[in-house]
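Read the structure below first, then the notes.
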Amino acid sequence: MRYLRLFIAMFAILVASGCSKKLVEPPQFDGKKAMEYLVAQVDLGPRVPASAASAACRALFENHLTEFGLSVDSQQFEFFDPYSKTNMTLTNFIGSETGDGTIEDRIVIMAHYDSRPRTDYAKNPDLRESPIDGANDGASGCAVLMELARAFKEKKPPGPVDLVFVDGEDWGRSGDHDLYMIGSREFSRRGIREKYRFGIVVDMIGDRDQQIYREMLSQRYAPAVNDMVWEAAGRLGVTTFIDSSKYQIQDDHLALNIGGVPTIDIIDFDYPYWHTEFDSPDKCSAEALTNVGKVVLEVIYNYSLWPQKK
């Protein structure tokens, strides 16, 4: 009898533990729609900061996010460009989903919407000072965020989520590290500590030949968030998330970590068209966007698996 009571007690503990970790089924991520959103951005032309295409892209985001019930806001700020010796107005764009009220903890999902103003590795040397289409490097991450907004309308997430589209990530010339990540630095400077439980940056994830490794600085500064994301990919059978570290990338996640929010970078840096004139939609795929989108949705909706607060 004593052993029976012990077995029952252990079983109850296991059941209780299992219930606390019960997985939630998120809404479906539609990669075909995300691909349409990617193409719509590229069709506007290069989204270089302070350009007409950049403004049109923000209008695209605003129309899309408000259609699916998100509130929108923007952060405008002045930036002195040392190349042209002029002041530029840059703009971060933010869409906020309130969630269904199950939890109060807010998370941030970020992508940059600007495209590179020069083609560093152009095969045609005449194009080296020309802007790029930025299908993968810029539009792919934003396409994922746009599809997340549509998915939230289908089924509200358990808590508030900010979808942040930052400007000026890719402005600097090679080696001018202070002139990259301009928008995310401004976003962080305005005070994000204690505002977000964690963050995820999505960048260059549309490559048809997708290979996403753990980024090294993410692993250093937010290993628990990395673990959560790669475990989600494993549960979902997304084999393009490769569970080893490979690249150390200076990207928008650094500004958020410095601002006090543990944040990782989901990035596929094995992309042969990076900063070339060939970064176009035909190099991207709906399947690649789906892989990332459904992993991010898995994380957003399964808050019981989130890392503990520090």
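This table checks each residue for (1) of a type in the set (Gly, Ala, Ser); (2) farther than 30 Å from Phe278 by Cα; (3) at pLDDT 95 or above.
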{"residue": "Phe11", "(1), (2), (3)": "no, yes, no"}
{"residue": "Pro27", "(1), (2), (3)": "no, yes, yes"}
{"residue": "Tyr37", "(1), (2), (3)": "no, no, yes"}
{"residue": "Thr91", "(1), (2), (3)": "no, no, yes"}
{"residue": "Glu97", "(1), (2), (3)": "no, yes, yes"}
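Residues in region 37-52 that are under 19 Å from the mean Cα position of the chain (by Cα) and part of a helix (DSSP H, G or I) were compared, and the one that is surrounded by the most Cβ atoms within 10 Å (Cβ to Cβ) is Leu38.
Restricting Arg173, Arg193 to those that are under 20 Å from Ser54 (Cβ atoms), in a loop (DSSP other than H, G, I, E, B) and in contact (Cβ under 8 Å) with a residue 24 or more places away in the chain reduces the list to Arg173. For region 124-155, the candidate set comprises residues that are over 14 Å from Pro46 (Cα atoms) and of a type in the set (Asp, Glu); within that set, the residue that is surrounded by the fewest Cβ atoms within 10 Å (Cβ to Cβ) is Asp126. For region 221-256, filtered to residues that are charged (D, E, K, R) and under 15 Å from Phe198 (Cβ atoms), the residue that is surrounded by the most Cβ atoms within 10 Å (Cβ to Cβ) is Asp252. Report yes if some residue within region 224-244 is among the acidic types (Asp, Glu), within 17 Å of the chain's Cα centre (by Cα) and part of a helix (DSSP H, G or I); otherwise report no. Scanning region 224-244, I find at least one residue that is among the acidic types (Asp, Glu), within 17 Å of the chain's Cα centre (by Cα) and part of a helix (DSSP H, G or I), so the answer is yes. Taken over region 146-189, the criterion of being hydroxyl-bearing (Ser, Thr, Tyr) and at pLDDT 95 or above is satisfied by Tyr180, Ser184, Ser188.
The residue that is surrounded by the most Cβ atoms within 10 Å (Cβ to Cβ), among those in region 265-287 that are aliphatic (A, V, I, L, M) and touching a strand residue (DSSP E or B) at 6+ places or on another chain (Cβ under 6 Å), is Ile266. When region 64-98 is examined, which residues are found to be within 14 Å of Met146 (Cβ to Cβ) and either in contact (Cβ under 8 Å) with a residue 12 or more places away in the chain or in contact with a Phe, Trp or Tyr (Cβ under 8 Å, 6 or more places away or on another chain) (or both)? Once the filter is applied, which keeps residues that are within 14 Å of Met146 (Cβ to Cβ) and either in contact (Cβ under 8 Å) with a residue 12 or more places away in the chain or in contact with a Phe, Trp or Tyr (Cβ under 8 Å, 6 or more places away or on another chain) (or both), region 64-98 yields His64, Leu65, Phe68, Gly69, Leu70, Val72, Phe93, Ile94, Gly95, Glu97.
When Gln248 is tested against the conditions (1) part of a loop (DSSP other than H, G, I, E, B); (2) over 30 Å from Asp176 (Cβ atoms), the lone failure is (2).
Would you confirm, using the coordinates I've provided, whether Asp265 is over 13 Å from Asp209 (Cα atoms), modelled with pLDDT of 95 or more and under 17 Å from the mean Cα position of the chain (by Cα)? Taking the combined requirement at face value, the residue satisfies it.
Selection of strands (runs of 3 or more DSSP E) fully inside region 59-117 by the criterion of at least 1 residues being in contact with a Leu (Cβ under 6 Å, 6 or more places away or on another chain) and closer than 14 Å to Pro157 by Cα returns 86-97, 107-112. Taking the conditions (1) buried (at least 24 other Cβ atoms within 10 Å of the Cβ); (2) touching a strand residue (DSSP E or B) at 6+ places or on another chain (Cβ under 8 Å); (3) in a loop (DSSP other than H, G, I, E, B) in turn, Phe187 satisfies each one other than (3).
The values are calculated or read from the model by the stated rules, or taken from the named source; none is laboratory data. Remember, predicted model here, so these are calculated numbers, not experimental data. Note: ideal-geometry Cβ built from the backbone for every residue, glycine included; neighbour counts use all protein chains shown.
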